[in-house]
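Have a look at the structure below before the remarks.
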RNA sequence: GUGGGUGUAGCUCAACGGUUAGAGUGUCGGGUUGUGGCCCCGAAGGCUGUGGGUUCGAAUCCCAUCACUCACCCCA
């Protein structure tokens with residue numbers, strides 16, 4: 001049997017509505033924050049990522065789907081969104097048009113990792129970037145967005161009033177005037193204790209030295225005692241920057257903790273960095289993460305263009321929503337047309353056309369079945385009403401409308417069928433508490 | 001890339017090395033010729049992931065392989 005690629009998952013109809021809920025809500029929230037959608041290609045020249053993300057990151061070194069196309073160019077499936085967006089902005093000179101660029105995008109990303117809970121090879125991100133402003137308020141607004149979307153989904157899905165189990169951690173990675181001093185000292189420190197570190201950390205101390213602080217082994221924790229800490233190197237400007245972010249977060253009542261050890265895996269980050277972490281996700285607890293990357297545009301061959309952004313992991317947010325929600329949203333139908341025989345089906349077609357024009361979801365199976373089977377099918381499609389149309393109805397020129405929730409039914413004359421149906425549906429929609437209905 | 005767990009009906013799961021591999025649920029049909037959910041009856045549905053081995057006999061034990069899954073690593 002043919003199967004999907006490892007780590008690539010089908011989103012089936014039973015799940016797709018929850019995806020739509022999340023995507024719709026994200027789009028709505030972005031609109032309210034004044035963001036515009038941008039859609040960049042899934043495939044880019046490999047150089048976009050090697051220059052953007054950094055050649056010595058794990059993502060670029062061993063996780064990218066890279067291949068040579070028929071022209072001999074090296075192409076890669078995007079492992080994240082920011083580099084591609086930066087490329088598009090610079091290519092189209094968007095930064096010269098507007099003083100500030102506020103964009104978001106939704107879509108699949110690709111990394112060749114070993115799949116586990118909350119981690120797939122094709123996964124989806126909700127991503128946003130603010131380009132132009134160096135203000136800490138931009139950092140704050142990015143965090144605010146991540147917070148708003150994740151918490152908004154909680155409010156939308158969970159009925160309870162208690163807070164979701166989410167932790168916002170922030171930190172500053174320093175800027176080009178202070179970050180390098182720390183890195184230098186840390187490298188020397190690590191070099192001197194090389195033998196005391198675990199093999200992983202020996203490797204890390206070269207590739208991403210800040211990561212050694214994440215190691216859980218006692219051996220490494222001991223070896224790191226007295227190591228130069230980033231917070232002691234941060235320059236006054238960076239301290240002030242982080243403070244303004246904190247003040248803004250306080251102003252809108254977003255709780256957070258400072259985690260001086262919080263780092264990012266991608267090279268382009270500087271100054272503010274943050275993660276939104278859940279305890280309900282297993283080992284991959286980060287739902288959203290991001291930070292500032294003032295040097296990225298230059299690194300990609302563009303002008304100096306400060307930027308800050310974040311990404312939400314859709315699958316992870318979906319896992320949370322599934323845990324929060326008492327029930328999954330299901331597809332529902334307003335009217336299921338239970339027409340028996342060809343004549344009845346033909347008669348119903350013009351009505352169906354008008355109803356659909358009016359935004360009513362109408363379904364009519366083409367199979368000739370008994371009424372019993374048709375009503376069963378109506379149930380399966382979560383229909384609110386069944387419109388019964390058979391021999392006797394055609395003869396009497398009256399259709400039977402059955403309310404499938406209250407089990408009552410009424411006869412409606414063909415002549416007044418449409419206006420009456422629309423009327424009844426309007427009332428039914430108003431009293432319906434099915435928030436998930438599309 | 002490394003390690004652990006699990007692979008049996010569409011789905012969720014049973015079955016001591018021993019008859020024809022079962023149950024719940026779902027599907028289809030009937031009870032009720034045109035009235036759904038509840039009830040009753042019936043039917044279909046399986047190369048027990050795949051390949052090898054041990055054994056008189058393997059879903060069951062062993063080996064390999066693949067898939068799924070969780071964790072390490074890394075990250076959203």
Pop the C-beta distance of residue A:195 and residue A:20 into the FRET formula with R0 = 51 Å and round what comes out to the nearest 0.05. 0.40
Distance from the Cα centre of the stretch A:134-174 to that of the stretch A:356-371, in angstrom? 43
Among A:252-260, A:24-32, the order from most to least packed when residues are scored by Cβ within 10 Å on average: A:24-32, A:252-260
Using the number of other C-beta atoms within 10 angstrom as an exposure proxy, rank A:416, A:172, A:148 with the fewest first. A:416, A:148, A:172
In nm, to one decimal, how far is the modelled label at residue A:229 from the one at residue A:415, with both set 7 Å along Cα→Cβ? 8.6
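What do you get for Rg/Rh of chain A when both radii come from the Cα atoms and Rh is the Kirkwood radius? Display every interim value, and only then the final one.
On the way: Rg = 27.9 Å, Rh = 25.3 Å.
Expressed as Rg/Rh, it is 1.10.
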Per-residue Cβ contact counts at 10 Å, fewest first, order A:204, A:87 as A:204, A:87
Stretched out fully, how many nm does the piece from residue A:299 to residue A:406 gain, at 0.36 nm a residue minus the Cα gap? 32.0 nm
Sticking with the crude label model, points 7 Å out along Cα→Cβ, report the distance from residue A:381 to residue A:42 in nm, one decimal please. 3.1
Peptides A:292-300, A:5-13 ordered by average Cβ neighbours within 10 Å, highest first: A:292-300, A:5-13
Can you tell me the relative contact order of the stretch A:333-430? Whole percent, Cα pairs under 8 Å, sequence separation 6 or more. 30
Can you give me the relative contact order of chain A as a percent, contacts being Cα pairs under 8 Å and 6 or more apart? 15
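What length, rounded to one decimal in nm, is gained on full extension from residue A:246 through to residue A:12, with 0.36 nm per residue of separation minus their alpha-carbon distance?
Additional length available on full extension: 80.1 nm.
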Using only DSSP helix segments of four residues or longer, with each worth -39500 (n - 2.57), what per-residue ellipticity at 222 nm results for chain A after dividing by its residue count and rounding to 500? -12000 deg cm²/dmol
Alpha carbon Rg of the stretch A:333-430, scaled by the compact-globule rule 2.2 N^0.38 Å: 0.96
Among A:109, A:310, what is the fewest-to-most ranking by other Cβ atoms within 10 Å? A:109, A:310
Tilt, helix A:136-157 to longest principal axis of chain A (alpha-carbon atoms), in degrees rounded to tens, equals 40
Take residue A:144 and residue A:322, extend 7 Å from each Cα along the Cα→Cβ direction, and tell me the distance between the two endpoints in nm. 3.3
Relative packing of peptides A:417-428, A:116-127, A:51-62 - highest average C-beta neighbours within 10 Å first: A:116-127, A:51-62, A:417-428
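Quick note: the coordinates plus some simple rules give every number you see, no bench work behind them. Only a predicted model underlies this, so the values are computations on that prediction, with no experimental measurement involved. Cβ sites come from the backbone with ideal geometry, for glycine too, and all protein chains shown count toward neighbours.
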